[in-house]
Amino acid sequence: MIYQITSDNLKLSESMKTLAENKVSKLEKYFPNTDEDLVISRVVLNKGSEEDTFVSKVELEVAGKLYYGDETDYSMESAVIGAVEAIERQVEKERGKQERDWEKRREMKVTSSEEEEMAAEK
C-alpha cells in the first residue's frame, strides 16, 4: 500500500504519521489479492474548526475504485479510527452487494441449465 499523509494547518510529527499509517494499514486485509502498487491511501490530518478538535480525512483508491471516510473528534487517534471504520463499512457493503449479485447469477444459471435438461429429456 502506498501512503500519502499530509496536513493543511498542522505540523505533522513522525508519531502522527506512524499513527495514521498503522490505522490505515488495517484496510489491507480487505484486498489480499490486489497488487500493493494498486492500493493508494491518502490521509489528511487537520485541526478542527472547534477548539481542541481534529479532522481526519482518509481516501483509499483500490485499482481505480474510491472509498472515502472523514471524522472529527477531540483525539486525533479517534478521528483516524472513525474515518477508517467508515471505509470498512463501505468495503463490507460493496462486498455484500457483489456476493448477492453472484448468488442471483448462479440461481439464474442453475434455472436455465435445469430447463435445458428438461428439454433434452423430451
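Every read-out reported here was derived from the displayed coordinates using simple, explicitly stated rules and does not represent laboratory data. No experiment lies behind these values; they were computed from the predicted model shown. In this analysis, Cβ positions are derived from the backbone assuming ideal geometry, glycine residues included, and neighbour counts consider all displayed protein chains.
Consider region 41-55. How many of its residues are buried (at least 22 other Cβ atoms within 10 Å of the Cβ) and under 21 Å from Lys29 (Cα atoms)?
Matching residues across region 41-55 total 2.
In region 65-92, which residues are within 16 Å of Ser25 (Cα to Cα) and among the basic types (Lys, Arg)?
Arg89
Could you tell me how many of the residues in region 15-27 are surrounded by 16 or more Cβ atoms within 10 Å (Cβ to Cβ) and touching a Phe, Trp or Tyr at 6+ places or on another chain (Cβ under 9 Å)?
4
To keep it simple, each residue is scored yes or no on (1) closer than 21 Å to Gln90 by Cβ; (2) out of contact with any Ser or Thr (no Cβ under 8 Å at 6 or more places or on another chain); (3) crowded, with 17+ Cβ neighbours inside 10 Å; (4) not basic (Lys, Arg).
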| position | (1), (2), (3), (4) |
| --- | --- |
| Ser13 | no, yes, no, yes |
| Lys29 | yes, yes, no, no |
| Ala63 | yes, no, no, yes |
| Tyr68 | yes, yes, no, yes |
| Ser75 | no, yes, no, yes |
